[in-house]
Amino acid sequence: QVQLVESVGGLVQAGGSLRLSCAASGNIFSFNVMSWHRQAPGKQRELVALMLSGASTNYADSVKGRFTISRDNANNTVYLQMNSLKPEDTAVYYCRMARGSSGVWGQGTLVTVSS
């Protein structure tokens, strides 16, 4: 079973940038859906960014134009580049790698954006 380890998030000022990484313990070539999700305090987990095996991407409207998802098969890693961060981006961020309905979650990493 592949395990996912996310990088440490942290505290960022509004307008700043942060890149999250999600490293898999094994080969990720077989996963055809990569995604990042987040859960803010008192809210449900939501999809933030999605990448399919053909490299097509999709983003939540709230992050479109500011966040970018990418994958590095050689290093078994998925990234989430976050720019122009806002206080409302504060949440625990989770990565997920899946094939069909079967997937693996990262442990989550806290990102706090101060105003």
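Among 101, 62, 25, determine the one that fluctuates most according to a GNM of the chain built with springs between C-alpha atoms less than 10 Å apart.
Answer for the Gaussian network model of the chain: 101.
Could you work out how far apart the two model spin labels at residue 110 and residue 1 are, taking each label as a point 7 Å from the Cα in the direction of the beta carbon, and quote it in nm?
Going by the 7 Å Cα→Cβ label model, 2.6 nm.
Expressed in whole Å with the largest first, what are the equivalent ellipsoid semi-axes of the stretch 62-115 derived from the C-alpha gyration tensor as the square root of 5 times each eigenvalue?
Semi-axes from the Cα gyration tensor: 23, 14, 10 Å.
If amide hydrogens are placed 1.01 Å from N in the peptide plane, which non-local residues have theirs closer than 5 Å to the one on residue 12?
Residues meeting the amide H criterion: 112, 113, 114.
How long are the semi-axes of the ellipsoid equivalent to the chain, from square roots of 5 times the Cα gyration tensor eigenvalues, in whole Å, largest first?
With the √(5λ) rule applied to the chain, the semi-axes are 23, 14, 13 Å.
For the stretch 1-83, what is the charge dipole size about the Cα centre, in debye to the nearest 20, if Lys and Arg each add +1 at the Cβ and Asp and Glu each add -1 at the Cβ?
Dipole of the stretch 1-83, to the nearest 20 debye: 160 debye.
Please state the Cα pair-distance histogram of the stretch 5-68 with 10 angstrom bins from zero: what percent is in each bin?
17, 47, 31, 5
All of the numbers you see were taken from the coordinates with simple rules; none came from a lab. What you are looking at is a predicted structure, and each value in this text was computed from that prediction instead of being measured. Every residue, glycine among them, receives a Cβ derived from its backbone with ideal geometry; neighbour counts consider all protein chains shown.
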